[in-house]
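The values are calculated or read from the model by the stated rules, or taken from the named source; none is laboratory data. Being a predicted model, the structure only gives us computed values, none of them experimental. Neighbour counts run over all protein chains shown; Cβ positions are idealised from the backbone, glycine included.
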Amino acid sequence: MTSEMISVQDLAVRFTANQTKKWPWSKPGVVKAVNGVSFAVNRGQTLGIVGESGCGKSTLVRAIAGLVKPSHGTVRVGGKVVDYSRRKEVIALRRQVQMIFQDPVASLNPRMTIRDIIAEPLVMFFPEMNGEARETRVHALLDRVGIPRRNANRYPHEFSGGQCQRIGIARALAAEPKVLLCDEPVSALDVSIQAQVVNLLQELQADMGLTLIFVAHDLGVVRHISDEILVMYLGGMMEQAPADALVARPTHPYTRALLSAVPVPDPSQRITPQVLDGDLPSPLNLPQGCLFQSRCPARLPECATTRPDLKRDGRHYRACLLEAS
């Protein structure tokens, strides 16, 4: 049996932007949010996805979850291709793949108690479970994420942001998924609370054998939790490699710029942040050549006309015309 838990092949997401029409008869613009992304994650492993805001990270994981319809591409979970056009398959997908959202407070229904929020997936996915069993399961999940069970009758607004994110994790775990899609789950939290949530996810992964896709713009957090890291820019793949290898030897100019901005505790180890000049292209009108050409400090003349393919060097992938150094 293959060790791949989830694989994505040439996934793309397009949005129609009607506000770009100049005249009533003009064709609407098309936002190319995700452009041909491919990767695979083994069971019990973590893939970190990083990049600037607006690079398509969240759209990618939402497409995998079925919250956004992919324009083309293939997603396999447990070796089975997901058909997003069939409602039954999408429901079955959500039994295996659950999502943790960026805003922990907004992701919870303010009119429902914590007990009802966590019990909702149990009602949907385990209809044979009686009320007593559901209550026991809700209490067990609250204990697992560090929320006292005496608070089960309280509402989301009565909890802090970190507590709400723990509740969101408990709700996701209620479905007994195999994959957790974490869409910037710590970006809205204080630094100390971020560490607690990341550590909780790692503990749950070790105990339950979960496969994680962890989206963030903070390379420091992603390096800590990930086995592999995928770097995105303007919806495309720039570089992918094992976490330690990518941090120790980044080969793409964009990855180097991102790493230069990561804070380092030891002053002697700090490097000067690399400022990227140039304008960010519009996703409505992507450049013909390399997506990063307008801001790349090492661009070549051919970068303006040639879109680089994803080159492989062992487990290291990068999309760049420059020779690896």
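Just the residues that are in contact (Cβ under 8 Å) with a residue 40 or more places away in the chain, outside any loop (DSSP other than H, G, I, E, B), more than 11 Å from the chain's Cα centre (by Cα) and on the phi < 0 side of the Ramachandran plot, please, taken from segment 40-80.
41, 42, 72, 74, 75, 76, 77, listed by residue number.
List every residue pair whose Cβ atoms sit under 6 Å apart, with the two residues 6 or more apart in sequence or on different chains, where the first one lies in segment 238-259 and is at positive phi and the second, anywhere, is of a type in the set (Lys, Arg).
Close Cβ pairs (under 6 Å, with a partner that is of a type in the set (Lys, Arg)) do not exist here.
Tally up the residues in segment 177-195 that are free of Cβ contacts under 8 Å to residues at least 40 places away in the same chain and surrounded by fewer than 23 Cβ atoms within 10 Å (Cβ to Cβ), please.
So the first thing to find is which residues in segment 177-195 are free of Cβ contacts under 8 Å to residues at least 40 places away in the same chain, and the list is 186, 190-195.
Still in the running and surrounded by fewer than 23 Cβ atoms within 10 Å (Cβ to Cβ): 190-195.
The number of residues fulfilling the criteria is 6.
Kindly provide the set of residues from segment 74-90 that are surrounded by fewer than 19 Cβ atoms within 10 Å (Cβ to Cβ) and in contact with a helix residue (DSSP H, G or I) (Cβ under 8 Å, 6 or more places away or on another chain), ordered by number.
If we filter segment 74-90 for residues that are surrounded by fewer than 19 Cβ atoms within 10 Å (Cβ to Cβ), which is where we start, we get 74, 76, 78-81, 83-90.
Hits for segment 74-90 are 78, 83, 84.
So, in segment 35-55, exactly how many residues are out of contact with any Ser or Thr (no Cβ under 9 Å at 6 or more places or on another chain) and within 15 Å of residue 72 (Cα to Cα)?
Matching residues across segment 35-55 total 3.
Going by the structure shown, is residue 105 within 26 Å of residue 237 (Cα to Cα), in contact with a helix residue (DSSP H, G or I) (Cβ under 7 Å, 6 or more places away or on another chain) and outside any helix (DSSP H, G or I)? Please lay out each step first, then the result.
On the way: within 26 Å of residue 237 (Cα to Cα): no; in contact with a helix residue (DSSP H, G or I) (Cβ under 7 Å, 6 or more places away or on another chain): yes; outside any helix (DSSP H, G or I): yes.
No; evaluated as a whole, the condition is false for this residue.
Quick check on segment 143-193: of everything there that is under 16 Å from the mean Cα position of the chain (by Cα) and among the polar types (S, T, N, Q), which residue is nearest to residue 221 (Cα to Cα)?
187
Just for segment 167-194: of the residues that are among the hydrophobic types (A, V, I, L, M, F, W, C) and assigned to a loop (DSSP other than H, G, I, E, B), which one is modelled with the highest pLDDT?
Restricting attention to segment 167-194, the residues satisfying the condition of being among the hydrophobic types (A, V, I, L, M, F, W, C) are 167, 169-170, 172-175, 179-182, 186, 188-189, 191, 193.
Next, from what is left, pick out any that are assigned to a loop (DSSP other than H, G, I, E, B): 175, 186, 188-189.
Numbers: 175: 94, 186: 88, 188: 78, 189: 84.
Ranking the qualifying residues of segment 167-194, first place goes to 175.
Applying the selection to segment 111-131, what residues are in a helix (DSSP H, G or I), surrounded by fewer than 18 Cβ atoms within 10 Å (Cβ to Cβ) and of a type in the set (D, E, K, R)?
116, 120
When you scan segment 282-316, how many residues do you find that are in a helix (DSSP H, G or I) and either surrounded by fewer than 16 Cβ atoms within 10 Å (Cβ to Cβ) or in contact with a strand residue (DSSP E or B) (Cβ under 7 Å, 6 or more places away or on another chain) (or both)? Don't jump to the end; show me each part of the working.
Taking segment 282-316 first, the residues in a helix (DSSP H, G or I) are 301-304.
Add one more test, that the residue is either surrounded by fewer than 16 Cβ atoms within 10 Å (Cβ to Cβ) or in contact with a strand residue (DSSP E or B) (Cβ under 7 Å, 6 or more places away or on another chain) (or both), and what stays is 301-302, 304.
Residues in segment 282-316 being in a helix (DSSP H, G or I) and either surrounded by fewer than 16 Cβ atoms within 10 Å (Cβ to Cβ) or in contact with a strand residue (DSSP E or B) (Cβ under 7 Å, 6 or more places away or on another chain) (or both): 3 in total.
Can you find a residue that is touching a residue at least 60 places away in the same chain (Cβ under 8 Å) and surrounded by fewer than 18 Cβ atoms within 10 Å (Cβ to Cβ) anywhere in segment 154-162?
The initial filter retains those residues of segment 154-162 that are touching a residue at least 60 places away in the same chain (Cβ under 8 Å), namely none.
No - not one qualifying residue is present in segment 154-162.
Checking residue 256 against (1) modelled with pLDDT under 95; (2) crowded, with 24+ Cβ neighbours inside 10 Å, only one condition comes out false. Which one?
(2)
Give 279, 218 a once-over and let me know the one that is surrounded by fewer than 16 Cβ atoms within 10 Å (Cβ to Cβ) and not hydroxyl-bearing (Ser, Thr, Tyr). Break it down stepwise before answering.
Numbers: 218 fails: surrounded by fewer than 16 Cβ atoms within 10 Å (Cβ to Cβ).
When all the criteria are applied, what remains is 279.
Please enumerate the residues belonging to segment 143-153 that are closer than 13 Å to residue 113 by Cα and surrounded by 14 or more Cβ atoms within 10 Å (Cβ to Cβ).
Step one: filter segment 143-153 for residues closer than 13 Å to residue 113 by Cα, giving 149-153.
Matches in segment 143-153: 149, 151, 152.
Collect the residues in segment 34-73 that are crowded, with 18+ Cβ neighbours inside 10 Å and polar (S, T, N, Q), keeping them in residue-number order.
35, 45, 46, 58, 59
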